[in-house]
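One structure below.
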């Protein structure tokens, strides 16, 4: 399989897959079927996600065609996918290749699957969006509402136990670790979930509850319960969370320094 010279990311993924075939012949069939026989990143993602999410009542072929339809209708999805792959490669020390999140990280898979359910939601196909939300939760361990709005360059590290509510908004270049909840606080309808700014780092097992704002380039320490707005460039920690550092330089989501 060849790749256009200007598409450096896709070319890197192809080269990594070819090397992996040589290094581990037992995976040759998997890598040819999943990567090397396809012509674009979109086709790889559609095939791989549909294989994972297929069930006795929704076969992989139907899902693959649906996912291709979504990518063709909204090219911004694939632009976000590319930024998310790069985010994993640059921020996760366990990620040593661009193909690793694409093939093996379920947090990445859950996020890209939600991008498809979000497109379905916007198209008014809410029943199918709910069906896939349930399937994503079963298979990938992350429960993200189709209506939630998620930016680009986002890393869901591990992905296990992440819950994102209907009216939540996640900005660009955000890093979220396992066990994080972006939830509501009661039975109220309407706009009731957190709004996470750009460059935010949210530590493991954190709960951020209610229609509150997490300011740009802030850091939420692991295990915190956040019930109030967090100013930009601040670090908060605790139950309930309190500001422990102000006017912090840098972008925590990119630095991935979880110390407080």
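The values are calculated or read from the model by the stated rules, or taken from the named source; none is laboratory data. Since the structure is predicted, the reported quantities are computational estimates derived from the model, not experimental observations. Neighbour counts run over all protein chains shown; Cβ positions are idealised from the backbone, glycine included.
Details
- Among the residues of segment 145-172, those that are crowded, with 22+ Cβ neighbours inside 10 Å and at positive phi comprise 153, 159.
- Listing of helices (runs of 4 or more DSSP H) fully contained in segment 29-125 that carry 3 or more residues being in contact (Cβ under 8 Å) with a residue 60 or more places away in the chain and buried (at least 19 other Cβ atoms within 10 Å of the Cβ): 41-53, 76-91, 99-104, 106-122
- Qualifying residue in segment 234-254 (condition: touching a residue at least 60 places away in the same chain (Cβ under 8 Å), touching a helix residue (DSSP H, G or I) at 6+ places or on another chain (Cβ under 8 Å) and surrounded by fewer than 20 Cβ atoms within 10 Å (Cβ to Cβ)): yes
- Among the residues of this structure, residue 199 does not count as one that is in contact with a helix residue (DSSP H, G or I) (Cβ under 9 Å, 6 or more places away or on another chain) and touching a residue at least 60 places away in the same chain (Cβ under 8 Å).
Residue by residue, here is whether (1) over 21 Å from residue 237 (Cα atoms); (2) assigned by TED's automatic domain parsing to the domain that holds residue 80; (3) in a loop (DSSP other than H, G, I, E, B); (4) modelled with pLDDT under 95 holds:
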| site | (1), (2), (3), (4) |
| --- | --- |
| 166 | yes, no, yes, no |
| 186 | yes, no, yes, yes |
| 198 | no, no, yes, no |
| 205 | no, no, yes, no |
| 216 | no, no, yes, no |
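- Residue match in segment 249-256 (condition: within 24 Å of residue 141 (Cα to Cα), part of a loop (DSSP other than H, G, I, E, B) and within 20 Å of the chain's Cα centre (by Cα)): yes
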